[in-house]
Amino acid sequence: MKTNLRNVAIPGTGIPLSMVCVNKLLAYLFLLVAYPLICLVAAVWASRMEREPLSQAYSRQLLCPQDWFSFWRLNCGLASFHANATSARGYEMENKWTFLLLSLIHI
């Protein structure tokens, strides 16, 4: 998962998500502390832009976000879980470096 997230940043920050996948403790801290704070900042922005109450915007952003990044992140987590659970060879292509090398071979 760390390899897959090295080119993806937290929106608006430039901080790669691979930095929070260094170990389990850091990942849990990110999920329990940093992610709610990031959602709060996004909710403040959304409440000003969409003129909705801050509490409603925060609840939506934290519990059921509707932006492309959240859907992509959900898909990434699900794919990583399935790859780990099944050890299927098809997931080798999720590693960008492996994908690029094999693409060059098959040109």
Filter segment 32-62 down to the residues that are among the acidic types (Asp, Glu) and surrounded by 13 or more Cβ atoms within 10 Å (Cβ to Cβ) and list them by number. GLU52
Which residues, counting only those in segment 53-87, are in contact with a Pro (Cβ under 8 Å, 6 or more places away or on another chain) and either of a type in the set (A, V, I, L, M) or on the phi > 0 side of the Ramachandran plot (or both)? LEU62
Filter segment 63-80 down to residues that are exposed (fewer than 13 other Cβ atoms within 10 Å of the Cβ) and of a type in the set (S, T, N, Q) and give me whichever is nearest to VAL8 (Cα to Cα). ASN75
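Out of the residues in segment 71-97 that are touching a Ser or Thr at 6+ places or on another chain (Cβ under 9 Å), assigned to a helix (DSSP H, G or I) and touching a residue at least 40 places away in the same chain (Cβ under 8 Å), state the one that is farthest from ALA27 (Cα to Cα). Full working, then the answer.
Restricting attention to segment 71-97, the residues satisfying the condition of being touching a Ser or Thr at 6+ places or on another chain (Cβ under 9 Å) are 91-92, 94-97.
Now restrict to residues that are assigned to a helix (DSSP H, G or I): 91-92, 94, 96-97.
The next check asks that each one be touching a residue at least 40 places away in the same chain (Cβ under 8 Å); those that pass are 94, 96-97.
On the way: GLU94: 21, LYS96: 22, TRP97: 24 Å.
So, considering only residues that are touching a Ser or Thr at 6+ places or on another chain (Cβ under 9 Å), assigned to a helix (DSSP H, G or I) and touching a residue at least 40 places away in the same chain (Cβ under 8 Å), the one farthest from ALA27 (Cα to Cα) is TRP97.
Out of ALA79, ALA42, I need the residue that is within 21 Å of PRO16 (Cβ to Cβ) and in contact with an Asp or Glu (Cβ under 7 Å, 6 or more places away or on another chain). Which one? Spell out the reasoning first.
On the way: ALA42 fails: in contact with an Asp or Glu (Cβ under 7 Å, 6 or more places away or on another chain).
Step by step, each of ALA79, ALA42 is checked, and only ALA79 is within 21 Å of PRO16 (Cβ to Cβ) and in contact with an Asp or Glu (Cβ under 7 Å, 6 or more places away or on another chain).
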For segment 22-59, what are the residues that are of a type in the set (D, E, K, R) and over 17 Å from the mean Cα position of the chain (by Cα)? ARG48, GLU50, ARG51, GLU52
Under 8 Å by Cβ, and 6 or more places apart or on different chains, what pairs join a residue from segment 30-59 that is among the aliphatic types (A, V, I, L, M) with one that is in a helix (DSSP H, G or I) and open to solvent by 100 Å² or more (accessible area, probe 1.4 Å)? ALA57/GLU50
Residues in segment 1-37 that are modelled with pLDDT of 80 or more, within 19 Å of ALA79 (Cα to Cα) and small (Gly, Ala, Ser): how many? 2
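Among what's in segment 62-86 and is among the polar types (S, T, N, Q) and modelled with pLDDT under 85, pick the residue that is farthest from LEU37 (Cα to Cα).
Quick first cut of segment 62-86, residues among the polar types (S, T, N, Q) only: 66, 70, 75, 80, 84, 86.
Next, from what is left, pick out any that are modelled with pLDDT under 85: 66, 70, 75, 80, 84.
Values: GLN66: 17, SER70: 15, ASN75: 22, SER80: 25, ASN84: 30 Å.
Restricting to residues being among the polar types (S, T, N, Q) and modelled with pLDDT under 85, the top hit is ASN84.
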Residues in segment 6-31 that are surrounded by 15 or more Cβ atoms within 10 Å (Cβ to Cβ) and among the aromatic types (Phe, Trp, Tyr) total 1
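The values are calculated or read from the model by the stated rules, or taken from the named source; none is laboratory data. From a predicted model like this one, the values you see are computed outputs, not experimental measurements. Positions of Cβ are generated from backbone atoms using ideal geometry, with glycine treated the same way; all protein chains shown enter the neighbour counts. Accessible surface areas use protein heavy atoms only, side chains included; no ligands, DNA or RNA. Shrake-Rupley method; radii C 1.70, N 1.55, O 1.52, S 1.80 Å.
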